[in-house]
Amino acid sequence: MQPPMGARTDLSDTTPAVMSEINEGAQLYEQRFGWPFVATALGKTAATVLRLLEERLQHEPAAELRISAEQQLQITHNRLKRLLARL
C-alpha cells in the first residue's frame, strides 16, 4: 500500500495495517478540513505519523490550517536545503 498522495518519506518500517490506517485517516482528514494531510515526516516512523494524524483530526479547522501551513513551510525548507546542498 502506498503512502497518502504527496507523501515524501520512507515508511518502510510499517505494516500493511498501519499504512491502511494512515490512508483511511488521511481521507477522513481531507473530508473534515478540505485539504490533504501535510506533515513533516522526515525521520518519523509510520506509527508516529499515524499518531500525529489522529491528534490533528481533533483540532479545530482554524488551528489545523495554521499547523498545516507551518508543516508545509518546514517541508519546503527541508527540500530547498537538500537542493542547495547539491550545488
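The values are calculated or read from the model by the stated rules, or taken from the named source; none is laboratory data. Since the structure is predicted, the reported quantities are computational estimates derived from the model, not experimental observations. Glycine gets a Cβ as well: all are built from the backbone with ideal geometry, and neighbour counts include every protein chain shown.
How many residues does the stretch 55-70 contain that are out of contact with any Phe, Trp or Tyr (no Cβ under 8 Å at 6 or more places or on another chain) and either of a type in the set (Asp, Glu) or more than 16 Å from residue 34 (Cβ to Cβ) (or both)? So that I can check it myself, show each step before the final result.
Step one: filter the stretch 55-70 for residues out of contact with any Phe, Trp or Tyr (no Cβ under 8 Å at 6 or more places or on another chain), giving 55, 58-60, 62-63, 66-67, 69-70.
Of the ones still in play, those that are also either of a type in the set (Asp, Glu) or more than 16 Å from residue 34 (Cβ to Cβ) (or both) are 55, 58, 60, 70.
Result for the stretch 55-70: 4.
Mind listing just one residue for me: the one in the stretch 43-66 that is surrounded by 13 or more Cβ atoms within 10 Å (Cβ to Cβ) and of a type in the set (A, V, I, L, M) and, of those, farthest from residue 79 (Cα to Cα)? This residue is 57.
For the stretch 30-50, a residue qualifies if it is in a helix (DSSP H, G or I), closer than 15 Å to residue 69 by Cα and of a type outside the set (D, E, K, R), and exactly one does: 33. Checked against (1) farther than 23 Å from residue 78 by Cα; (2) crowded, with 18+ Cβ neighbours inside 10 Å; (3) of a type in the set (Lys, Arg), residue 32 meets all criteria but (2).
Just one of 40, 48 is in contact with a helix residue (DSSP H, G or I) (Cβ under 8 Å, 6 or more places away or on another chain), under 21 Å from residue 13 (Cβ atoms) and of a type outside the set (A, V, I, L, M); which is it?
That would be 40, the only listed residue that is in contact with a helix residue (DSSP H, G or I) (Cβ under 8 Å, 6 or more places away or on another chain), under 21 Å from residue 13 (Cβ atoms) and of a type outside the set (A, V, I, L, M).
Let's see how each residue does on (1) modelled with pLDDT under 95; (2) small (Gly, Ala, Ser):
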residue	(1), (2)
13	yes, no
63	no, yes
80	no, no
84	no, no
